[in-house]
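Step one of this worksheet: look at the structure below.
The values are calculated or read from the model by the stated rules, or taken from the named source; none is laboratory data. Everything quoted here is computed from the prediction, not taken from an experiment. Every residue, glycine among them, receives a Cβ derived from its backbone with ideal geometry; neighbour counts consider all protein chains shown. Note: areas computed on protein heavy atoms with side chains; ligands, DNA, RNA excluded. Shrake-Rupley method; radii C 1.70, N 1.55, O 1.52, S 1.80 Å.
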Amino acid sequence: MSQYYRIAVATPLRRTFVYLPPAQSEPPLDPVGCRVQVPFGHQTLVGVILAVEHSLPDDVNANKLKPLLQFLDAAPIVSADMLSFYLWAAQYYQSGPGDVLMQCLPSRARQPKPLVRSTETLWQLTAEGKAFDPEQLGKRAAKQGNVLAALRAQGQMTHAQIQAADLTTAQCRALEKKGLVSRIEAVPEAEHAGVSAVPLTLNNEQQTVATALAASLNQFGCHLIEGVTGSGKTEVYLSLVQQVLAAGKQVILLVPEIGLTPQTFDRIQRHLNTRLGLFHSGLTDRDRANTWMDMASGRLRITLGTRSAIFLPMASPGVIVLDEEHDSSYKQQDSFRYHARDLAIKRASSHNIPIILGSATPSLESLLNCQRGRSQHHALSKPAVAARPANIELIDLTQHQHASGISIPVQQRMSKHLQRGEQVMLFLNRRGFSPTLMCHTCGWIAGCPHCDARMTLHNKPPRLLCHHCNHQLAIPHACPSCRSRDLHALGQGTARTEDSLTQLFPNTQVIRVDRDAIRSAAAFEQELAPVHAGDPCILVGTQMLAKGHDFPRVTLVVILDADAGLFSSDFRAAEKSAQLLTQVAGRSGRGNLQGHVLVQTWHPTHPIFGYLQMGGYGAFARDHLLPQREQADLPPYQAMAMIRADAKQAQQAWDFLTRVRALVPDDINQTGPFPAMLAKRAGYHRFWLSLQCRSRKQLQHVLTHLCDSIDSQSLAGGISWGIDVDPVDMG
Ligand code: ADP
Ligand code: ZN
Ligand code: ZN
């Protein structure tokens with residue numbers, strides 16, 4: 001009987017292909033989910049078998065059929081349920097199935113050779129190390145004591161895991177010399193099902209939430225934990241994770257980023273006696289492939305990962321936890337534009353397991369899901385340790401402006417806190433020295449030649465830098481337009497604020513935290529050493545400061561420019577602003593000292609501030625933002641998709657979207673084509689057309705139809721375009 005293989009080939013095309021069996025080799029017993037190599041035009045590509053069909057499919061011309069070249073796997077590397085999840089994601093985000101599969105599988109799967117679990121260097125305790133009391137190491141080798149404790153919890157640790165725990169292999173080598181630790185080159189031992197746990201102490205509020213969650217562990221349910229910063233959401237996740245692991249099931253734990261937050265890894269491993277898998281872009285392809293395979297085989301019980309970890313297989317699914325669910329880094333911003341939160345919900349439902357979302361500032365999507373009963377809401381209303389939530393005060397810049405960007409009342413309050421031996425944090429979401437270089441004779445402004453944007457002035461080294469395309473220029477000595485030498489830096493970036501602070505507080509250490517100053521997790525830890533030591537100091541930085549780290553001696557947080565996101569044309573700007581302001585404000589008073597927040601603004605009457613002072617983010621989101629979105633027929637009340645087009649000539653992009661628009665049925669709301677907020681980037685003009693509809697299903701239907709038409713009529717004519725389903729960034 002003849003056989004036809006339906007294959008997702010590694011191309012961006014939105015379709016599958018059919019091949020005949022190869023002439024010689026025997027097919028695998030269970031071919032669906034095995035990889036193959038196929039001839040494709042002049043190329044040889046890798047693909048994954050989706051189905052075996054026994055009669056010639058309708059969409060195939062028998063004369064054009066070719067045999068595939070070879071089978072790459074003897075047994076499926078993708079299970080049937082993961083395959084259908086990946087294909088669902090490809091369909092929902094209107095991406096090619098082959099391309100999507102290649103992004104969901106480890107990147108090593110793209111190579112035409114078997115995917116094997118490789119050995120790695122593993123550190124473990126010797127018999128002597130297991131019996132050793134870390135107290136004997138003394139104070140000077142405290143970090144080595146941490147290594148012993150980590151190995152005791154984890155059993156074996158790879159280099160990546162050592163790093164993630166903020167430890168070093170140098171410390172391991174020192175312990176190796178003492179005979180307490182040894183290393184082997186091996187595949188790690190399989191983790192036993194039924195992991196024992198180190199007990200947690202939960203406060204009453206945490207216990208209530210944990211009990212409610214524990215009662216719903218064996219079926220699908222979407223749960224939102226809305227917990228103010230410092231309320232100890234992690235403790236609640238962990239209590240649940242412990243139960244799932246004890247029941248022999250697996251866990252995926254998603255966080256926005258790992259590199260800069262070794263504390264997360266540390267806290268989890270202290271409470272779980274099991275090897276903690278890692279999955280993020282900073283790892284090697286080999287490490288990622290190993291984690292992927294270990295989750296598929298069940299050798300690993302739990303993995304901590306960023307966005308793409310949502311594609312990790314699980315041999316026995318138990319729970320998915322997604323922390324900081326409002327964070328926009330869960331959305332991939334190019335080609336396959338998936339949202340890990342939305343996929344996590346879909347995936348949990350297909351496995352019939354719970355999904356736990358957590359945030360101090362939940363997205364409007366998640367809040368509405370709770371209001372509509374699709375999600376269960378759990379609240380943690382008080383900080384676990386801090387005395388009281390920080391109070392927020394406004395500083396009206398129309399009354400108190402100052403050339404340095406730091407108003408006099410702010411300077412005075414800073415002195416007071418520093419004199420008490422406490423720490424101060426200033427937040428400014430603009431890196432560089434100054435955002436604008438301007439000629440005061442003719443008004444010329446330094447713009448990027450490739451983007452529709454200003455160049456940012458940097459001082460170390462001195463240069464103009466475009467933050468959108470990284471184009472660099474020397475700082476001109478005279479105005480290129482009128483030759484005047486009257487050039488001025490306008491406005492403040494973090495580097496300039498650092499300079500001002502050094503002048504205003506000559507006796508206090510100033511630590512700057514942004515992408516220019518901090519290039520690695522190790523550098524971050526090093527810079528933060530005085531902060532952790534508790535010395536009075538000033539931290540100034542971008543939103544890097546808002547994430548993860550606990551600074552118990554920071555008692556004053558100053559938001560220097562609270563207006564930055566308030567008047568944007570992006571309909572999500574107010575939501576994002578309120579989230580960021582709340583997250584930053586939450587950095588104050590995390591220890592047992594009372595926290596204070598000062599907010600500098602030119603618009604003290606803007607409703608956002610009244611809400612943040614009185615009811616907090618939750619009230620602003622529910623009473624102000626959601627009704628606004630409902631009235632304006634915007635997400636989350638409507639499903640939205642954006643068709644984006646980039647072209648060297650603006651006209652080409654506009655023409656393409658106009659042709660697309662003509663294909664859209666009348667019952668779909670359309671906006672555009674419009675130039676994007678950043679109308680030109682790296683030489684390309686950017687336009688979008690937005691489609692909206694109450695029914696997600698109907699919108700999906702229209703999008704699929706549009707893609708077919710665009711492809712079959714070759715409407716794009718060589719320009720670059722893409723579909724962004726449920727966009728989060730309107731730029
Ligand atoms: P969130 O993630 O909700 O902002 P964290 O999980 O970071 O808060 O917890 C804040 C701090 O409170 C952490 O240092 C944590 O160890 C501590 N903490 C949380 N729950 C408890 C508890 N029940 N008892 C004592 N300390 C707790
Ligand atoms: Zn000029
Ligand atoms: Zn540029």
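Side notes on the structure shown:
- Residue tally, condition surrounded by fewer than 17 Cβ atoms within 10 Å (Cβ to Cβ) and more than 35 Å from the chain's Cα centre (by Cα), over region 28-67: 21
- Residue satisfying condition, being modelled with pLDDT under 95, more than 16 Å from ligand 1 (Cβ to nearest atom), farther than 23 Å from E630 by Cβ and not in a strand (DSSP E or B), within set D729, D667, D711: D711
- Here region 382-401 is the region considered, the condition is being more than 22 Å from V241 (Cα to Cα) and of a type in the set (G, A, S), and the residue that is modelled with the highest pLDDT is A390.
- Taken over region 616-657, the criterion of being outside the structural domain of C693 (by TED's automatic domain parsing), of a type outside the set (K, R) and open to solvent by 50 Å² or more (accessible area, probe 1.4 Å) is satisfied by D623, P627, Q628, E630, Q631, A632, D633.
- Hits in region 450-471 - residues which are without any contact (Cβ under 8 Å) to a residue 24 or more places away in the chain and open to solvent by 60 Å² or more (accessible area, probe 1.4 Å): R454, P461, P462, N470
- Unique match (being modelled with pLDDT under 90 and within 26 Å of D708 (Cα to Cα)) among P57, P39: P57
- Exactly one residue out of S520, S500 is assigned by TED's automatic domain parsing to the domain that holds Q401, among the small types (G, A, S) and open to solvent by 40 Å² or more (accessible area, probe 1.4 Å): that is S520.
- Criterion applied to S714, S695 was being at negative phi and small (G, A, S), and the one residue passing it is S695.
- Out of G672, G717, G722, one residue alone is in a strand (DSSP E or B) and more than 27 Å from the chain's Cα centre (by Cα). It is G672.
- Unmet criterion (only one of (1) surrounded by fewer than 18 Cβ atoms within 10 Å (Cβ to Cβ); (2) within 36 Å of the chain's Cα centre (by Cα); (3) modelled with pLDDT under 95) for R14: (1)
- Subset of region 194-232 (residues that are modelled with pLDDT under 95, open to solvent by 10 Å² or more (accessible area, probe 1.4 Å) and touching a strand residue (DSSP E or B) at 6+ places or on another chain (Cβ under 8 Å)): V195, A197, V198, S216, L217, V228, G232
- Listed conditions (1) out of contact with any Phe, Trp or Tyr (no Cβ under 7 Å at 6 or more places or on another chain); (2) surrounded by 20 or more Cβ atoms within 10 Å (Cβ to Cβ) are all met by A474, apart from (2).
- Within region 368-386, being part of a strand (DSSP E or B) and out of contact with any Cys (no Cβ under 9 Å at 6 or more places or on another chain) holds for H378, A379, L380.
- Extreme residue, farthest from ligand 1 (Cβ to nearest atom), among residues of region 410-453 that are within 22 Å of T497 (Cβ to Cβ) and among the β-branched types (V, I, T): I445
- Selection within region 305-347 - small (G, A, S), surrounded by fewer than 23 Cβ atoms within 10 Å (Cβ to Cβ) and not in a loop (DSSP other than H, G, I, E, B): S308, S328, S329
- Meets criteria (open to solvent by 20 Å² or more (accessible area, probe 1.4 Å), touching a residue at least 60 places away in the same chain (Cβ under 8 Å), over 30 Å from Q419 (Cβ atoms) and touching a strand residue (DSSP E or B) at 6+ places or on another chain (Cβ under 7 Å)) for C482: no
- Candidate set: region 258-297, residues that are out of contact with any strand residue (DSSP E or B) (no Cβ under 9 Å at 6 or more places or on another chain) and of a type in the set (A, V, I, L, M); chosen: the one least open to solvent (accessible area, probe 1.4 Å): A289
- Flag for A574 being part of a loop (DSSP other than H, G, I, E, B), open to solvent by 10 Å² or more (accessible area, probe 1.4 Å), among the small types (G, A, S) and not assigned by TED's automatic domain parsing to the domain that holds L368: no
- Checked against (1) within 20 Å of the chain's Cα centre (by Cα); (2) closer than 23 Å to L300 by Cβ; (3) at pLDDT below 90, V255 passes all but condition (3).
- Conditions (1) touching a residue at least 24 places away in the same chain (Cβ under 8 Å); (2) more than 27 Å from V531 (Cα to Cα); (3) not in a helix (DSSP H, G or I); number of the one not met by S404: (2)
- Single unsatisfied condition, M438 versus (1) open to solvent by less than 40 Å² (accessible area, probe 1.4 Å); (2) under 25 Å from D561 (Cβ atoms); (3) without any contact (Cβ under 8 Å) to a residue 60 or more places away in the chain: (1)
- Residues satisfying the stated conditions in region 551-602, i.e. aromatic (F, W, Y) and over 18 Å from S404 (Cβ atoms): F551, F567, F571
- Among residues of region 411-426 being closer than 16 Å to A533 by Cα and under 36 Å from the mean Cα position of the chain (by Cα), the one that is surrounded by the most Cβ atoms within 10 Å (Cβ to Cβ) is V424.
- Of the numbered criteria (1) closer than 16 Å to T201 by Cβ; (2) touching an Asp or Glu at 6+ places or on another chain (Cβ under 7 Å); (3) of a type outside the set (V, I, T), the one G277 fails is (1).
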